[in-house]
């Protein structure tokens with residue numbers, strides 16, 4: 001079972017979140033995670049079409065996804081949307097910004113709507129909001145994993161609880177993809 005993580009990361013913070021999603025996916029027996037950075041250029045459209053799920057991630061800039069992820073979304077029209085190549089695949093999303101809130105919800109809504117337009121099955125976060133910075137889902141997202149990063153090196157931020165939230169979402173996506181695959 002293959003779950004791809006399509007993401008953009010400008011300063012490395014969202015990449016760190018993508019790696020945590022991949023770690024969570026790898027917790028599920030038989031699940032493989034593949035990172036696809038939109039900044040690297042060529043998108044492996046055939047790999048995405050062959051995957052069991054896709055997790056989308058972007059930093060939140062000015063209340064929305066990055067321009068590179070938006071370009072990926074637009075570029076997906078011919079290879080993925082027109083043939084409905086991602087129909088019935090599991091999808092989820094994650095985002096990161098410098099502010100605690102930073103309008104991250106709008107980025108997740110953008111990602112969920114994109115997935116819905118492709119006929120995908122969206123997986124939300126099933127973690128009650130943490131009550132401290134040490135607990136997962138400290139930002140209190142339900143639609144996807146949210147992280148907050150200080151203006152420091154990615155080795156220092158986002159914090160462990162935000163990465164645990166991302167890993168939890170990755171594991172959940174793989175578990176649901178496996179469940180749906182078993183019932184097919």
Give me the three principal axis extents of the chain from the C-alpha atoms, as integers in angstrom, largest value leading.
42, 33, 24
As a percent rounded to 5, the proportion of antiparallel DSSP bridges among beta bridges in the chain is 5 percent
How big is segment 104-184 along each principal axis, measuring the range of its Cα positions in Å and listing the largest first?
44, 24, 23
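Kindly rank 152-163, 39-50, 84-95 from highest to lowest mean number of other beta carbons found within 10 Å of each residue.
84-95, 152-163, 39-50
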Fewest-first ranking of 104, 15, 70, using other Cβ atoms within 10 Å as the exposure measure:
70, 15, 104
For helix 104-117, report the angle its Cα long axis makes with the longest principal axis of the Cα atoms of the chain; keep it between 0 and 90° and round to the nearest 10°.
10 degrees
So for 16, 71, fewest C-beta neighbours within 10 Å to most, what's the order?
71, 16
Could you work out how far helix 160-183 tilts from the main Cα principal axis of the chain, as a 0 to 90 degree angle to the nearest 10?
20 degrees
Kindly put 61, 114 in sequence by how many other C-beta atoms sit within 10 Å of each C-beta, fewest to most.
61, 114
Measuring from the longest principal axis of the C-alpha atoms of the chain, the long axis of helix 13-26 (C-alpha) lies at a number of degrees, nearest 10, equal to 60 degrees
Let me know the shape class of segment 50-158, please: from the alpha-carbon gyration tensor, a ≥ b ≥ c as square roots of the eigenvalues, rounded when a/c is under 1.5, otherwise prolate if a/b is greater than b/c, or oblate.
prolate
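Only the coordinates and a few stated rules stand behind these numbers; no lab work does. Quantities reported herein were computed from a predicted structural model and do not represent experimental measurements. A quick note on method: Cβ atoms are made from the backbone with ideal geometry, for glycine too, and the neighbour counts reach across all protein chains shown.
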